[in-house]
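Trainee: What follows is a single structure, and I will ask about it in a moment.
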Amino acid sequence: MTYVDTSDISAQMFVTVLLFLLVIAPLFSLAILRLFQGKKKAGLLLIVAGIAVYAIFQLIMMIFF
């Protein structure tokens, strides 16, 4: 088992990734919950919102990092 060197990650990048993960992961988990509850419109809307946030995250990472 090897160790991963995280010394190259800046604090700004770490905080950005952390904040977006705190947004993206709950959106997808709520979407799955809504789909199991039979609320297809709300579930699909949350999936679309998660994909949109992921796209914005990729755009921010491409521009600033």
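The values are calculated or read from the model by the stated rules, or taken from the named source; none is laboratory data. Owing to the predicted nature of the structure, the values given are computational and were not obtained by experimental measurement. Here Cβ is always computed from backbone atoms with ideal geometry, including for glycine, and neighbour counts include all displayed protein chains. These area figures cover heavy atoms from the full protein model, side chains too; ligands, DNA and RNA do not enter into them. Shrake-Rupley method; radii C 1.70, N 1.55, O 1.52, S 1.80 Å.
Trainee: What number of residues within the range 19-38 are part of a loop (DSSP other than H, G, I, E, B) and either closer than 23 Å to Met62 by Cβ or touching a residue at least 24 places away in the same chain (Cβ under 8 Å) (or both)?
Mentor: Going through the range 19-38 one residue at a time, the tally reaches 0.
Trainee: Next question. Right, Ala55: of a type outside the set (Lys, Arg), at pLDDT 90 or above, open to solvent by less than 70 Å² (accessible area, probe 1.4 Å) and within 12 Å of the chain's Cα centre (by Cα) or not?
Mentor: yes
Trainee: Any residue in the range 2-11 that is open to solvent by 90 Å² or more (accessible area, probe 1.4 Å) and part of a helix (DSSP H, G or I)?
Mentor: No, there is no match, as no residue in the range 2-11 is open to solvent by 90 Å² or more (accessible area, probe 1.4 Å) and part of a helix (DSSP H, G or I).
Trainee: Does Thr16 satisfy the criteria of being at pLDDT below 90, of a type in the set (S, T, N, Q) and not in a helix (DSSP H, G or I)?
Mentor: Taking the combined requirement at face value, the residue does not satisfy it.
Trainee: Follow-up question, since we're still on this one. Look at the range 14-47 and say how many of its residues are under 14 Å from the mean Cα position of the chain (by Cα) and either surrounded by 11 or more Cβ atoms within 10 Å (Cβ to Cβ) or of a type outside the set (A, V, I, L, M) (or both).
Mentor: 17
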